[in-house]
1. Taking B:I263, is it within 14 Å of chain A (Cβ to nearest Cβ), aliphatic (A, V, I, L, M) and in contact with a helix residue (DSSP H, G or I) (Cβ under 7 Å, 6 or more places away or on another chain)?
2. Does A:E88 satisfy being open to solvent by 10 Å² or more (accessible area, probe 1.4 Å) and farther than 30 Å from B:L73 by Cβ?
3. Based on what the data block shows, is B:P63 in contact with a Phe, Trp or Tyr (Cβ under 6 Å, 6 or more places away or on another chain) and under 13 Å from A:C95 (Cβ atoms)?
4. Take B:R39 and decide whether it is open to solvent by 40 Å² or more (accessible area, probe 1.4 Å), more than 14 Å from chain A (Cβ to nearest Cβ) and among the basic types (K, R).
5. Taking segment A:55-85 as the search range and keeping residues that are facing chain B (nearest Cβ under 9 Å) and open to solvent by 30 Å² or more (accessible area, probe 1.4 Å), which one is nearest to the chain's Cα centre (by Cα)?
6. Pull up segment B:243-264, narrow it to residues that are of a type in the set (S, T, Y) and open to solvent by 30 Å² or more (accessible area, probe 1.4 Å), then point me to the one that is farthest from B:R212 (Cα to Cα).
7. Under 9 Å between Cβ atoms, which residue pairs at least 6 apart in sequence (or on different chains) link something in segment A:165-189 that is farther than 24 Å from A:V135 by Cβ with a partner that is loosely packed, with under 10 Cβ neighbours inside 10 Å and modelled with pLDDT of 85 or more?
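The values are calculated or read from the model by the stated rules, or taken from the named source; none is laboratory data. Since this is a predicted model, take the numbers as computed values, not measurements. Every residue, glycine as well, gets a Cβ built from its backbone with ideal geometry; the counts of neighbours run over all protein chains shown. Areas reflect the complete protein model, heavy atoms only, side chains present, ligands, DNA and RNA absent. Shrake-Rupley method; radii C 1.70, N 1.55, O 1.52, S 1.80 Å.
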Amino acid sequence: MTKQYAFFVDAKRCIGCFTCAMACKNQYHQEPGVHWRQVYPLNEEIYPHRERAFYSLACNHCENPTCANVCPVKAYYKREEDGVVVHEQDKCIGCGNCIRSCPYGAPRYNPVLKKAEKCSFCYQRLDAGLKPACVQSCPVEALQIVDLAEFDNPNAVQYPAGFPRFTKLNPSVRFILPEQPRMVTRSDV
Amino acid sequence: MSMELPLVVFTVSAQAAIGLVAISTVRQFAGHGPLGKIRQEWLFAAAVLAIGLLASLFHLGHPLGAPTVLNHLGTAWLSAEAVGAGVLLAVVAVAAFTIKGGVNKALGIIAAVLGLLVVYFMGMTYSPPSFPAYNNVLPFAFFLLTAAILGPALASYFASQEKQAMLARWLTGALLVGLVVHLLAPCIWLSGGTVMRETGMAFVASPLYWARIVLGLALPLAVMVRMKSIPVWLPVLLVAGELAGRLLFFMYSIHTASNLGGIY
């Protein structure tokens with residue numbers, strides 16, 4: 001397998017602090033209301049506890065990206081060296097087809113530029129030997145970057161509950177499932 | 001919830017024009033009697049298609065970039081849709097201006113076949129994986145039904161008296177199939193996963209859906225069964241019904257991303 005960078009989301013560690021989403025905002029200064037990364041709390045059906053668990057999600061840089069396939073102006077390309085899906089905004093004509101078509105909602109509409117935009121995996125930072133801003137900022141190391149060509153964590157899953165399963169796209173993201181907090185009762189002491 | 005008005009106008013206009021040229025081509029070789037006002041019919045179809053294409057530009061953030069949609073004919077159905085509709089407009093216009101007695105047979109057949117292809121491209125464009133309710137053959141079926149309903153309905157303004165009964169039979173059949181499909185689709189969605197079920201619930205809970213079913217399909221069907229001919233006011237009601245149906249299509253489709261963190 002060729003090199004394919006992926007986000008590794010450790011929901012066991014994530015505390016839902018939104019630092020990753022804010023780091024992305026600080027890095028790229030998206031328009032108000034536009035988020036390339038978002039932190040989603042899991043429904044009680046999936047995580048039945050009064051504590052909450054979270055998935056921090058952005059573009060999944062899929063192996064077979066719908067955005068690139070449906071874009072009529074070829075504004076998307078997938079980098080051969082690391083599998084990052086890049087949106088070239090200067091080519092975009094704002095048809096919204098990628099926004100409508102991506103099942104993970106990664107491309108967002110920029111109402112000022114009237115164009116789509118999305119997470120770039122901070123490829124400029126990658127090229128400079130740095131981590132993506134979101135990964136760099138996570139205070140509990142719940143968000144990491146891995147190369148799927150070498151990644152071998154038997155506890156990681158690709159499609160946990162709460163994350164849509166689209167095998168044709170093969171999203172480049174892996175999760176560690178959240179754990180229920182251990183309840184300490186008098187009998188445990 | 002987005003109304004996507006330019007796309008509503010574009011898709012309904014294009015499908016009406018496609019239905020009109022397909023019905024006109026078939027009508028030319030089926031049944032007896034004069035063809036009617038066939039040049040006006042094809043010019044009308046060309047004008048409707050042109051209006052639709054013009055409307056589609058208003059959907060773009062940068063309409064002047066529209067010609068660049070030619071860049072991705074390989075995998076982007078939107079490119080195929082736009083190019084197909086543009087070529088179809090040229091074919092229909094040429095056919096309209098070269099009419100002598102009837103439409104040139106080859107041009108008529110090319111326009112009808114190309115029109116069906118454009119409907120197929122549209123069906124593929126609007127059935128992405130992000131909308132589970134539409135990620136199947138239903139958009140193509142909806143669009144084909146729009147063409148099948150508006151085609152004979154609008155053709156009634158141009159066809160000769162001898163061919164009105166044939167148009168009425170075609171319209172009655174299309175309305176019957178349309179009514180069944182549009183009633184069944186949300187019912188089937190209700191048995192799907194969370195997002196598909198939400199789409200079904202949004203449809204059946206919408207007064208617009210029921211208005212479209214009653215005024216856009218059931219009432220016209222009842223009129224057709226009773227009168228056996230297409231009254232002059234009916235195509236107007238049918239166009240309004242199809243526009244309402246297309247509004248529903250865009251407004252109440254639920255995106256998978258709306259349920260991230262929930263069960264699918």
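1. So B:I263 passes the test.
2. no
3. Considered against the rule, which asks whether it is in contact with a Phe, Trp or Tyr (Cβ under 6 Å, 6 or more places away or on another chain) and under 13 Å from A:C95 (Cβ atoms), B:P63 comes out as no.
4. yes
5. Of everything passing the filter in segment A:55-85, A:N69 is nearest to the chain's Cα centre (by Cα).
6. Restricting to residues being of a type in the set (S, T, Y) and open to solvent by 30 Å² or more (accessible area, probe 1.4 Å), the top hit is B:Y264.
7. A:Q180/A:P48
Quick grid of which residues meet (1) open to solvent by 50 Å² or more (accessible area, probe 1.4 Å); (2) within 14 Å of another protein chain (Cβ to nearest Cβ); (3) out of contact with any strand residue (DSSP E or B) (no Cβ under 8 Å at 6 or more places or on another chain):
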residue: A:V146; (1), (2), (3): no, no, no
residue: A:P154; (1), (2), (3): yes, no, yes
residue: A:P160; (1), (2), (3): no, yes, no
residue: A:R165; (1), (2), (3): yes, yes, yes
residue: A:L169; (1), (2), (3): no, yes, yes
residue: A:S172; (1), (2), (3): no, no, no
residue: A:M183; (1), (2), (3): yes, no, yes
residue: A:R186; (1), (2), (3): yes, no, yes
